[in-house]
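Novice: First the structure, which I've put down as structure tokens, then a few questions once you've had a look.
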Amino acid sequence: MDTPFKFLPHIFEDFPETSEPVWILGKEYNALTEKDEILSDVTSRLWFTYRKNFPPIGGTGPTSDTGWGCMLRCGQMILGEALMCRHLGRDWRWAREQKQREEYISILNAFIDKKDSYYSIHQIAQMGVGEGKPIGQWYGPNTVAQVLKKLAVFDTWSRLVVHVAMDNTVIIEEIKRLCMPWLDLAGEAAGEGEVNGCLEGACALAEEETALWRPLVLLIPLRLGLSDINEAYIETLKQCFMLPQSLGVIGGKPNSAHYFIGYVGILYSSHFILLIYLFFNSFPNHPHTTQPAVEPCEDGQVPDDTYHCQHPPCRMHICELDPSIAAGFFCKTEDDFDDWCMRIRRLSCKKGGLPMFELVDSQPVHMVSVDTFNLTPDFSDSDRLERFFDSEDEEFEILSL
């Protein structure tokens, strides 16, 4: 077990002294007795901020993302959390100046600000051009989710399936086909019999493609109100941070994007006026800190102090949350996904909150399918279909009571 990072007591003075539970990405803490543990957990999350003096994006573009890259950095953080869970486990903890595992260094290198890193600001900004976002333009949570989905295809080490659930609907059958692609080929070969003890179609796949489950990153873009968050969603949003599969929530508006990793809540009245605070990885006030770009050392190590926020978690009142968000979840195994589905269904049966999205077994008849447009599943057609659902970041379906 890694040694937890120690903090001076006075640094934590802004955190509320409350007996209410604190939830951080599926982990429950006691604010009165587990302050060190809370801070160690928060500090261990990857922290991506504005950077400056990196190689020009596209060769001649910006050398800093100050003023426009905040949602792109939030996207990096939520995906970074997924990679940490994938390769290190949720209980892994960071400590300054300790020798880091090779998997951790590989994760950091995937986000270094240069063109050949899988999830660099360069890759995200250039891939966003295909989503109708010129380099240097602010992204909404839906756009950054779509871009991360496309970039993950090239990350053969992590082999993630990044699925963006559109139209406020998560379709179980669709996700299982994405995470277990061998099922389709096995089904097609069923009529042809078995060859040497295995289905011919399944055997045609490479060994790594026949793994029982490719780890899933599920991103669900939502709009929980018009200009302000609808109070009917607050309880459900809180519950999301309690799920063990939680990757947190990204949200915000131009020049004010945040990555939320948990909450602590105190009920003050029966009028549903809640003092709910959501943590995001930043210095006090907002996450728009500009730091110099980092260059890996000759031995491959990455100076990582600036990739971890070593300050107390900032807090935001729930009323200040912009209603345009994307919730993230990570399911490393099929059992994890089945457990997530069970928990979501239980939440939908609870009173006191409005479901933020719908969970269904198969595609509803009212939803548009690829066949409707006679599209084939190559990259260009995928782009066209995604843009059909995502003409503008601010145009989400509004759920109402």
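Novice: Tell me, in nm to one decimal, what length is gained between residue 319 and residue 295 on full extension, where the rule is 0.36 nm per residue of separation less the Cα-Cα distance?
Specialist: Full extension from residue 319 to residue 295 adds 4.7 nm.
Novice: Now for a different question. Residue farthest toward the positive end of the dipole of the stretch 72-135, with Cβ of Lys/Arg at +1 and Asp/Glu at -1: which of 80, 123, 135?
Specialist: Among 80, 123, 135, the one farthest towards the positive end of the dipole of the stretch 72-135 is 80.
Novice: Sticking with this one: Taking the full set of protein chains and a 1.4 angstrom probe, give the accessible area of residue 129 in square angstrom, rounded to the nearest 10.
Specialist: 80 Å²
Novice: Mind ranking 81-94, 333-346 by how tightly packed they are, going by the mean number of other C-beta atoms within 10 angstrom, highest first? Please report the intermediate quantities before stating the final value.
Specialist: Details: 81-94: 19.0, 333-346: 15.3.
Top of the packing list down: 81-94, 333-346.
Novice: Between residue 227 and residue 60, what length in nm is gained on full extension when 0.36 nm per residue of separation is reduced by their alpha carbon distance?
Specialist: Computed gain between residue 227 and residue 60 is 56.4 nm.
Novice: May I pose another question? Share of the stretch 38-105's accessible area from carbon and sulfur, percent, 1.4 Å?
Specialist: Roughly 46 percent of what the probe reaches on the stretch 38-105 is carbon or sulfur.
Novice: May I pose another question? May I ask for the net charge around residue 31, where only other residues with Cβ less than 10 Å from the Cβ of residue 31 are counted and Lys, Arg are +1 while Asp, Glu are -1?
Specialist: Combined, the nearby Lys, Arg, Asp and Glu give -2.
The values are calculated or read from the model by the stated rules, or taken from the named source; none is laboratory data. Bear in mind that the values here come from a model prediction, so they are computed numbers and not experimental data. All Cβ positions, glycine included, derive from the backbone under ideal geometry; neighbour counts span all protein chains shown. Heads up: the accessible areas ignore ligands, DNA and RNA and are worked out on the full protein's heavy atoms, side chains in. Shrake-Rupley method; radii C 1.70, N 1.55, O 1.52, S 1.80 Å.
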